[in-house]
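A.B. asks: Dumping the structure here so I can ask a few things about it.
The values are calculated or read from the model by the stated rules, or taken from the named source; none is laboratory data. Just so you know, these numbers come straight off a predicted model, no measurement behind them. For neighbour counting, all protein chains shown are included, and Cβ atoms are generated from backbone atoms with ideal geometry for every residue, glycine included. Calculation scope for accessible area: heavy atoms of the full protein, side chains included, ligands and nucleic acids excluded. Shrake-Rupley method; radii C 1.70, N 1.55, O 1.52, S 1.80 Å.
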Amino acid sequence: MTDSDVDSHVEVVLRCFDEDLNRAGFRTVSTSDAPGEWKWVGKVGLNDERVEIKLTDQFPYGPPDVVLPDRPSEMSWHRSAGGVLCLWDRHSMGDLPWLEVPALLDRVLVWIEHDENGWMDDEPALDLEAYHQPYWMSWGQRIGVPLFVIDEWPALAGYWFRAARPNQYGSFSVAGGRRSAPPVGGKPKTRQRGRQRSHQPLNGIAVDLGEMTVPLVNSADLLAALGQHRASAEKVLAVGWPVLLVCRYTRLGAVGLIGFWITRSGGELKQPYFEVAERFASQRRRAGPQVSKVEDRTVSVIGAGSVGSYVADMLHRSGVRHLRIHDDDHLKPGNLVRHAAPSCYTGALKTDAVRGVAADRAPIPQIGQGGAIKKLVDAIVLLRERDLVVDCTGDRLTWQLLLAASRLTGRRFLRVAVEGHGQYARVDVCPPFDGFDNLPSDGVRGMTLSEREGGCGDPISPTPPIAVIETAAIGARTAIRMLAGEPVPPAGERRELFPVVP
Amino acid sequence: MALLSKEFKNALSAIEPGVDAEHARDAHAEVRDVLDMDDELRGWGLKTLLIGSYAREVSIRRVKDVDVFCELPELPDGYGPQDLLGKMAAVLADEYGDRVAENDRSVKVEFPEFDMHVDIVPARSCGNAWEIPNRDGGWEKTDPVEFGSLSSTRNADFDQNYVPVVKLARQTRRALLGEESKPGGLFVEVAAYHAFANLPLATGDDALGSTAEYYTRALAQMAPLIRGHADGSERLTNPALPDQELEVRATQDEFDALADKWEEAAMTAEEAFESEDDHDAAEGFKSLLGENSDGDEVFPVPAVPSEAAAAATDALRTPGRKSLPSGDSPTFG
C-alpha cells in the first residue's frame with residue numbers, strides 16, 4: 001500500500017463518516033485534507049443537547065473528540081480536562097465503534113444518561129488524571145510525565161516524606177521514610193524564595209482521599225484534602241518550594257493513586273498531576289492467577305546458568321517468595337547470550353546475578369542462595385526441606401544425586417534441560433506421577449562439538465538462546481502448576497525445538 | 001447520497017475573489033474619499049454605501065466591478081438625473097481624469113492596475129426607497145441596500161448556506177454559458193433568492209444539511225423560476241421591491257438558453273447528489289462548475305481508491321469485521 005493508498009483509504013472512510021453524520025442530522029462545519037480539521041455540530045436526545053464532534057489526526061483508527069458545549073464547566077466522570085467525553089475504554093476501542101455513527105450517537109446518549117444518574121452503576125474507572133493537566137518534564141531528549149514509585153502505600157499514608165528528583169528515565173521515589181513537616185518556619189531566606197536547588201529532595205505528603213463520588217479537580221478541594229497538613233504545606237508553598245501531594249482514592253471499591261505537583265506563584269496555585277505506582281501490589285496483581293497458591297511455597301532451583309537463571313527469574317516474577325538458587329559458578333561474557341542477567345553482572349556469581357536482576361524488579365522478597373549440590377546428603381536435605389526442587393544444571397552427576405535422594409526420601413523433583421544442544425526441550429517429573437514411564441529420548445541426533453574455551457570442561461554447546469528460554473518457560477510453568485496443586489503431564493513434557501536437519 | 005463536503009469547500013475556495021477582494025476594498029474606499037471631499041455633494045447629504053454582489057459577499061473570481069451607491073437625501077428638487085451624473089463625473093474627473101466615463105445610469109472609474117472599475121450610482125430619496133437615473137433619462141425606483149439586508153437574512157435563515165450556494169450558482173452560469181453571457185450573475189442571484197423561499201428553513205425538522213444538498217435543491221427550485229421568466233409566464237421580481245419586475249438585459253434566445261441549461265444542470269446535480277459512488281458524483285458536480293477565471297477546475301474529483309485502499313476501507317465498513325474475539329463489552333474510558 002502506497003502513501004496515496006493510505007490517503008485514499010482515510011479519505012473514503014472520512015466521506016462515509018461525514019455522510020452518516022449528516023444523515024443523522026449533524027452539519028459539517030469544518031473540513032480539510034487532514035482528518036483533524038473536520039468538525040460537525042448536531043443535537044442528540046429528547047432535550048436536543050448540542051454535540052460537537054471533531055476528529056483527530058488518528059482517524060479512523062482513533063476516536064473522535066466528542067464535546068457537549070452546553071455543559072463545559074460541569075465536572076463529571078469520563079470526561080477529560082478539555083471536556084472531551086471518554087466514551088470507550090481502551091479495550092472497546094479495538095472495535096472502532098465510532099465508525100458506526102448511529103452507535104456513536106447512541107453512545108453519547110448513554111454517556112448523558114449515566115452522567116445524569118451520577119454514574120451509579122459505573123465501572124470503577126481509576127482515571128482521576130484524565131481531569132487534570134499533566135506535569136510535563138524533560139529528561140534528555142524525552143518529554144513526559146514523571147512516575148513516582150512507592151513500595152507500599154501504608155508505609156507513607158498520612159505522613160510527610162522526602163522524594164529524590166526524577167532520574168534520567170523520569171521515575172522517582174521516596175528518599176527516606178516518614179518524617180515531620182519540612183522546617184520552613186520564620187522568614188524564608190532570600191536565596192530560598194522562589195526556587196529550590198535542583199539536587200535538593202522534594203517534600204511530599206501522602207493523603208488518603210477516600211471514596212471519589214465526583215472527580216477532584218480544583219485547588220480548593222486539593223488543599224482541603226491536606227487536612228491537618230494544610231498549614232505546613234502552605235508554608236512550604238509560600239517559600240516557593242513545590243509540594244508533592246501523593247493521593248490514594250477509591251472508587252466503587254477499586255483503589256487508585258495519583259500525585260499532584262503543587263506550586264504557588266504570585267498567589268496562583270498550580271496542580272499538574274504525575275503518575276504514582278505502588279510497586280509491590282501492582283506487581284503481585286500481574287504475577288498470574290496462581291500467585292496466592294505459590295507465594296508461600298518453598299522452591300530451590302539448582303543451577304543458575306542459562307536455563308536455571310530463566311526458571312528462577314520466572315518463578316520470582318510469578319510470586320514465589322521463598323526461592324533459593326544453588327550454583328558456584330561465575331558469569332562470563334559468553335554466558336550473557338543465554339543468561340537472564342545483563343552484562344553489569346559479568347564476573348559475579350551467577351546466583352548473585354539472578355538475585356540482582358530480581359531485586360531490581362522487586363527488592364522484597366529477596367531470592368536466597370546456596371552452593372552447588374555435590375553430596376547425597378545435601379540433595380536429601382534439600383528434597384526434604386523444600387516444597388519443590390528444580391534441577392536446571394543439565395549435569396548428569398547432579399541428576400544422579402537427586403534421583404538417589406528422591407528414591408531415599410520418596411520426594412519428587414523436576415529436571416529442566418535442553419536436549420541435543422537445542423534439538424528438544426525437556427521437563428522430567430522425577431519420578432513420574434502414577435507410575436508412568438519416563439519420557440523417551442527418541443530423535444536426538446549426535447552432534448560434533450569442537451569449539452572450546454579455557455579450562456578442562458566440555459566443548460561449548462551451540463544451544464540457541466531461544467531453546468533455552470522456551471525450555472525454561474515449560475519448566476517454570478510445570479513448576480508453578482505443581483506448586484499450585486494443578487495437574488501436569490505425569491512424566492513431564494518434551495518438545496521439538498531445533499531438530500538437526502540432514 | 002454524496003456530500004463531498006471537502007470537495008465543495010475546495011470548490012468555494014476556488015471561486016473566492018482572493019486578491020480581487022483587497023483591490024475592490026482599496027478602489028471603492030479611494031473613490032468614496034474623493035466624493036466625500038466635494039462640498040456640494042456633502043451639502044446634499046452625501047452618504048456612500050457599498051452595494052452589489054461584492055457588498056452582498058456573493059461575488060466570485062474575478063471581481064471586475066464594485067458598485068458604490070451615493071445617497072443624496074438633500075438633492076434639490078428639479079435637479080435632473082443627467083445633471084447629477086455629470087456632476088459626479090466632474091468631481092471624479094478632477095481626480096482620475098480620463099479614467100472616468102459617464103454611463104446611462106452610473107459613472108465608471110477605471111482602475112487599470114487592478115483590472116477593475118468602480119461604478120458610482122447616485123440616488124435621490126423617494127419615500128422609504130431611492131431613485132437612480134434610468135436609461136431613458138428619467139428616474140427609476142430602487143433599493144439596493146435593502147437587497148443586501150434581505151440577503152443577509154436569507155443567509156442566516158439557512159444556516160449560512162445561502163451565500164455559498166449563490167456563489168456556486170453564479171459559477172454554474174459562467175461554466176454553462178460563459179462569463180460574458182446574458183443574463184448575468186445578478187439574474188441568477190435573484191433566482192436563487194426566490195428559490196430559497198421554497199426550501200425548508202434551517203430551524204425546521206426537515207432542514208437541509210450539506211452544501212451539496214443546498215446546491216442541488218436550489219438548482220432544482222431555480223429551474224422553473226428561470227423558465228417562467230424566460231417564457232414570460234412569471235417574471236422574477238426585485239427582492240427589495242416586490243412590485244418591481246426584474247430588469248435584465250438579455251435576448252429571448254439568451255433567456256431560453258439559460259433556462260434549458262439550468263434544467264439540465266438541476267438533473268445532473270440531482271443524479272450526482274443521489275449517487276452512491278463518490279467519484280461519479282464528483283464528476284457530475286465538476287461538470288456543472290467548470291473552471292475558474294484562472295483556468296483551474298473548480299470542483300476537485302477524488303481519486304478512485306486502489307484495490308488495496310478499497311479493501312482496507314471495506315474491512316472497516318463491514319459490520320462485525322472489526323469485533324475482537326475477546327468479546328464486546330464496552331465501558332467508558
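A.B. asks: Report the residue, chosen from B:Thr251, B:Thr48, B:Thr172, that carries the largest GNM mean-square fluctuation when chain B is represented by alpha-carbon nodes joined by springs under 10 Å.
C.D. replies: Maximum fluctuation in the GNM of chain B, among the listed residues, is at B:Thr251.
A.B. asks: Could you run the Karplus curve 6.51 cos²θ - 1.76 cosθ + 1.60 with θ = phi - 60° over region A:402-416 and give me ³J(HN,Hα) per residue in whole Hz, x for Gly and Pro?
C.D. replies: 5, 4, 5, 4, 5, 5, 6, 9, x, 9, 9, 9, 10, 10, 10
A.B. asks: Something else now. For region B:181-333, what % of the accessible area comes from carbon and sulfur atoms, probe 1.4 Å?
C.D. replies: Whole-percent figure for carbon plus sulfur exposure: 47.
A.B. asks: Quick check: Cα centre of region B:209-257 to Cα centre of region B:268-306, how many Å?
C.D. replies: Distance between centres, Cα-based: 24 Å.
A.B. asks: What number comes out for accessible area per residue over the protein assembly as shown if the probe is 1.4 Å? Units Å², please.
C.D. replies: 47
A.B. asks: A further question follows. Roughly to the nearest percent, how much of the accessible area of chain A is carbon and sulfur, given a 1.4 Å probe?
C.D. replies: Whole-percent figure for carbon plus sulfur exposure: 51.
A.B. asks: Moving on to the next point. Work out the mean other chain Cβ neighbour count within 10 Å for the residues of A:11-22 and drop it here as an integer.
C.D. replies: The mean count of partner-chain Cβ atoms within 10 Å per residue comes to 6.
A.B. asks: In addition: Can you give the relative contact order of region B:1-123 as a percent, counting alpha carbon pairs under 8 Å and 6+ residues apart?
C.D. replies: This gives 26 percent for region B:1-123.
A.B. asks: For an R0 of 60 angstrom, estimate the FRET efficiency from the Cβ-Cβ distance between A:Thr263 and B:Thr203 and round to the nearest 0.05.
C.D. replies: The value I calculate is 0.75.
A.B. asks: Give me the inter-chain shielding for B:205-212: mean count of other chain Cβ atoms within 10 Å, whole number please.
C.D. replies: The per-residue average across the peptide is 3.
A.B. asks: A follow-up question, please. With all protein chains present, how much of the accessible area of region B:42-128 (probe radius 1.4 Å) comes from carbon and sulfur, to the nearest whole percent?
C.D. replies: Its accessible area is 40 percent carbon and sulfur atoms.
A.B. asks: Here is a further query. Name all residues of region B:173-196 having a backbone nitrogen under 18 Å from the label point set 7 Å from the Cα of B:Glu297 along its Cα→Cβ direction, giving them as ranges.
C.D. replies: B:175-176
A.B. asks: Amide H of A:Lys43 versus every other amide H placed in the peptide plane: which residues, excluding those fewer than 5 positions away on the same chain, fall under 5 Å?
C.D. replies: The answer is A:Val51.
A.B. asks: Also, I was wondering about something else. Once you mark the GluC sites (Glu not before Pro) that are in a DSSP loop and have at most 13 other Cβ atoms within 10 Å, what is the longest gap between them in chain A?
C.D. replies: A:153-450
A.B. asks: How far apart, in nm, are the 7 Å Cα→Cβ label points at A:Asp296 and B:Val19?
C.D. replies: About 8.6 nm separates the two model spin labels.
A.B. asks: Starting at the first residue of region A:134-149, write each ³J(HN,Hα) from the Karplus equation 6.51 cos²θ - 1.76 cosθ + 1.60 with θ = phi - 60°, in whole Hz, x for Gly and Pro.
C.D. replies: Those phi angles translate into x, 8, 7, 9, 10, 10, x, 8, 9, 10, x, 9, x, 10, 9, 10 Hz.
A.B. asks: Note the full-extension length gain between A:Asp57 and A:Ser450 as 0.36 nm times their separation in residues minus their Cα-Cα distance, in nm to one decimal.
C.D. replies: 135.7 nm
A.B. asks: May I ask for the net charge around B:Ala156, where only other residues with Cβ less than 14 Å from the Cβ of B:Ala156 are counted and Lys, Arg are +1 while Asp, Glu are -1?
C.D. replies: -1
A.B. asks: Separate question: For a quick check: with amide H placed at 1.01 Å from N, whose amide H comes under 5 Å from B:Glu140's, ignoring anything fewer than 5 positions away on the same chain?
C.D. replies: Under 5 Å from the amide H of B:Glu140 lie the amide H atoms of B:Ile132, B:Asn134, each far enough along the sequence or on another chain.
A.B. asks: Compute the FRET efficiency between B:Thr153 and A:Asp434 as 1/(1 + (r/R0)^6), taking r as their Cβ-Cβ distance and R0 = 60 Å, and round to the nearest 0.05.
C.D. replies: 0.05
A.B. asks: Which entries of B:Lys108/B:Lys167; A:Lys39/B:Lys182; B:Lys64/B:Lys286; B:Lys87/B:Lys167 have Cα-Cα distances beyond 31 Å here?
C.D. replies: Violating the 31 Å Cα-Cα cut-off are A:Lys39/B:Lys182; B:Lys87/B:Lys167.
A.B. asks: OK, next. Please give the Cα centre distance for region A:26-76 versus region B:133-149, rounded to the nearest Å.
C.D. replies: Using only Cα atoms, the two centres lie 47 Å from each other.
A.B. asks: Only Cα pairs under 8 Å and at least 6 apart count here; give the relative contact order of chain B as a rounded whole percent.
C.D. replies: For chain B, the relative contact order is 17 percent.
A.B. asks: Within 10 Å of each Cβ in peptide B:2-10, how many partner chain Cβ atoms are there on average? Round it to a whole number, please.
C.D. replies: Taking all residues of B:2-10 together, the mean is 6.
A.B. asks: With N residues in region B:38-120, what two-decimal value do you get for its Cα radius of gyration over 2.2 N^0.38 Å?
C.D. replies: In units of the globular-protein estimate, region B:38-120 measures up at 1.14.
A.B. asks: Within region A:374-469, which chymotrypsin sites (Phe, Trp or Tyr not before Pro) sit in a loop by DSSP and count at most 15 neighbouring Cβ atoms inside 10 Å?
C.D. replies: The qualifying sites are A:Phe436.
A.B. asks: Which Cα, out of B:Asn155, B:Gly86, B:Leu201, lies furthest along the positive dipole direction of chain B (beta carbon charges, K/R +1, D/E -1)?
C.D. replies: B:Leu201
A.B. asks: What's the buried accessible area, both sides, between B and A using a 1.4 Å probe, rounded to 100 Å²?
C.D. replies: 3300
A.B. asks: Here is a follow-up. What is the local net charge at A:Asn47, summed over the other residues whose Cβ is closer than 13 Å to its Cβ (Lys, Arg +1; Asp, Glu -1)?
C.D. replies: Net local charge, A:Asn47 excluded: -3.
A.B. asks: Hey, what do the phi angles of region B:141-146 turn into as Karplus ³J(HN,Hα) couplings, whole Hz, using 6.51/-1.76/1.60 and θ = phi - 60°, x for Gly and Pro?
C.D. replies: Going residue by residue, I get 6, 7, 7, x, 5, 5 Hz, with x marking Gly and Pro.
A.B. asks: What percent antiparallel are the DSSP beta bridges of the protein assembly as shown, to the nearest 5?
C.D. replies: So the antiparallel bridges amount to about 65 percent of the total.
A.B. asks: May I pose another question? What is the spin-label model distance, in nm, from B:Thr251 to A:Arg284 if the labels are put 7 Å beyond Cα along the C-beta direction?
C.D. replies: 9.8
A.B. asks: Separate question: Extent of the protein assembly as shown along each principal axis, from alpha carbon coordinates, in Å, largest to smallest?
C.D. replies: Between the extreme Cα coordinates on each principal axis of the protein assembly as shown lie 135, 81, 54 Å.
A.B. asks: How charged is the neighbourhood of B:Gly52? Take every other residue with its Cβ under 12 Å from the Cβ of B:Gly52, and add Lys/Arg as +1 and Asp/Glu as -1.
C.D. replies: Taking every Cβ under 12 Å from that of B:Gly52, the sum is -3.
A.B. asks: Could you tell me what fraction of 2.2 N^0.38 Å the Cα radius of gyration of chain B comes to, as a two-decimal ratio?
C.D. replies: Compactness ratio reported: 1.20.
A.B. asks: What chymotrypsin sites (Phe, Trp or Tyr not before Pro) in region A:79-161 are in a loop by DSSP, with at most 14 other Cβ atoms within 10 Å of the Cβ?
C.D. replies: A:Trp136
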